[in-house]
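Remarks on the structure that follows.
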Amino acid sequence: MGLGGSRMVWTQCAKPRPFAARRLVCFPHAGGSPYFFQAWAKELTDFEVHSVCYPGRAERMSEPPATDIRSMTGPIADSVEELLSDGRPTDFFGHSMGAAIAYEVAVALEERGHSLGHFFASGARAPQLMEPDAAAETTWDDEAVTETLVELGGTDTELLRNPAFVDMVMPYIRADFRMLASYGPERHVRLSCAVTALLGETDPRVSPRQADAWRESTRGPFRMRTVPGGHFYLAEDPPFAVLAASAAEAG
């Protein structure tokens, strides 16, 4: 069955909030799952929070991981488009690899006549700066992936020493890293919505210049926010205030 198969659930909502003023759709990082954003609904009371679930993890563990970002774009856009039918303003939050996937989905939705309320790109280079690596399959072996996970700080190093844990998660983490390394936008499209780029001040993988370049991916307002922490600043200090402020400004 292809990535658009009917049994595949692309978005999850841990806490339905039908009377919330806005909706927030979160796109996890490489190796991430919707569980990463599960607690956000408790704090973001003005939003109904949804999370995207990529193949190969969480409830979709039995499925093969995706190998190309664009193979997921259409099915995720279909899922989000169903949500948009209620007319509520919808914002995207994508972290790291999730920002690239969110960008492609946002472009697809705009081509269908839908516009987002706000786009948050977290810990990510702007898409026009990303170039596909033809050697991604060999560059990102298990050793390289593990070294990068330790460098970025998003995974407990003790877990990385547990063979059972590594055997369970490495197939989809490795696939995600290769998928991201192989990504480059087919064309650079400027979104019509407001864009905010967020960056941890000690992020070892994304520079302020690379994050600030997201201003070239919108025709709307742009803001750059530098926050304390590294690549996974949001694990310890999620940007709830930034998200809530944007909702308040939008009314």
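The values are calculated or read from the model by the stated rules, or taken from the named source; none is laboratory data. Computed from a predicted structure; not experimentally measured. A quick note on method: Cβ atoms are made from the backbone with ideal geometry, for glycine too, and the neighbour counts reach across all protein chains shown. Side chains included, ligands, DNA and RNA excluded: accessible areas come from the protein's heavy atoms. Shrake-Rupley method; radii C 1.70, N 1.55, O 1.52, S 1.80 Å.
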What tally of residues in the range 5-54 results from selecting those that are assigned to a loop (DSSP other than H, G, I, E, B), aromatic (F, W, Y) and over 23 Å from A245 (Cα atoms)? 2
Output the number of residues of the range 206-229 satisfying the condition of being in contact with a helix residue (DSSP H, G or I) (Cβ under 7 Å, 6 or more places away or on another chain) and either farther than 19 Å from H29 by Cα or not aliphatic (A, V, I, L, M) (or both). 9
Among (1) touching a residue at least 40 places away in the same chain (Cβ under 8 Å); (2) not in a loop (DSSP other than H, G, I, E, B), where does T73 come up short? (1)
Name the single residue, out of those in the range 106-124 being in contact (Cβ under 8 Å) with a residue 40 or more places away in the chain, in contact with a helix residue (DSSP H, G or I) (Cβ under 7 Å, 6 or more places away or on another chain) and more than 23 Å from E201 (Cβ to Cβ), that is most open to solvent (accessible area, probe 1.4 Å). G117
When residues of the range 125-148 are filtered for being within 30 Å of A245 (Cβ to Cβ), among the hydrophobic types (A, V, I, L, M, F, W, C) and open to solvent by 10 Å² or more (accessible area, probe 1.4 Å), how many remain? 2
Listed by first then second residue, the pairs whose first member lies in the range 11-22 and is within 17 Å of E59 (Cβ to Cβ), whose partner is small (G, A, S) and in a loop (DSSP other than H, G, I, E, B), with beta carbons under 9 Å and at least 6 positions apart or on separate chains, are A14/A39
Counting only residues that are of a type in the set (V, I, T) and open to solvent by 10 Å² or more (accessible area, probe 1.4 Å), the range 192-210 contains a total of 2
Just checking, does the range 211-229 include any residue being part of a loop (DSSP other than H, G, I, E, B), acidic (D, E) and either free of Cβ contacts under 8 Å to residues at least 12 places away in the same chain or open to solvent by 60 Å² or more (accessible area, probe 1.4 Å) (or both)? no
V25 is checked against (1) under 15 Å from E81 (Cα atoms); (2) at pLDDT below 95 and fails just one. What number does that condition carry? (2)
Checked the range 11-43 for anything among the hydrophobic types (A, V, I, L, M, F, W, C) and either buried (at least 23 other Cβ atoms within 10 Å of the Cβ) or farther than 27 Å from L152 by Cβ (or both); matches are C13, F19, A20, A21, L24, V25, C26, F27, A30, F37
In the set A106, A102, A121, the lone residue that is closer than 30 Å to R17 by Cβ and not in a helix (DSSP H, G or I) is A121
Filter the range 231-241 down to residues that are over 15 Å from F93 (Cβ atoms) and in contact with a helix residue (DSSP H, G or I) (Cβ under 7 Å, 6 or more places away or on another chain), then give me how many there are. 1
Among the listed residues V169, V189, which satisfies the condition of being assigned to a loop (DSSP other than H, G, I, E, B), among the hydrophobic types (A, V, I, L, M, F, W, C) and open to solvent by less than 70 Å² (accessible area, probe 1.4 Å)? V189
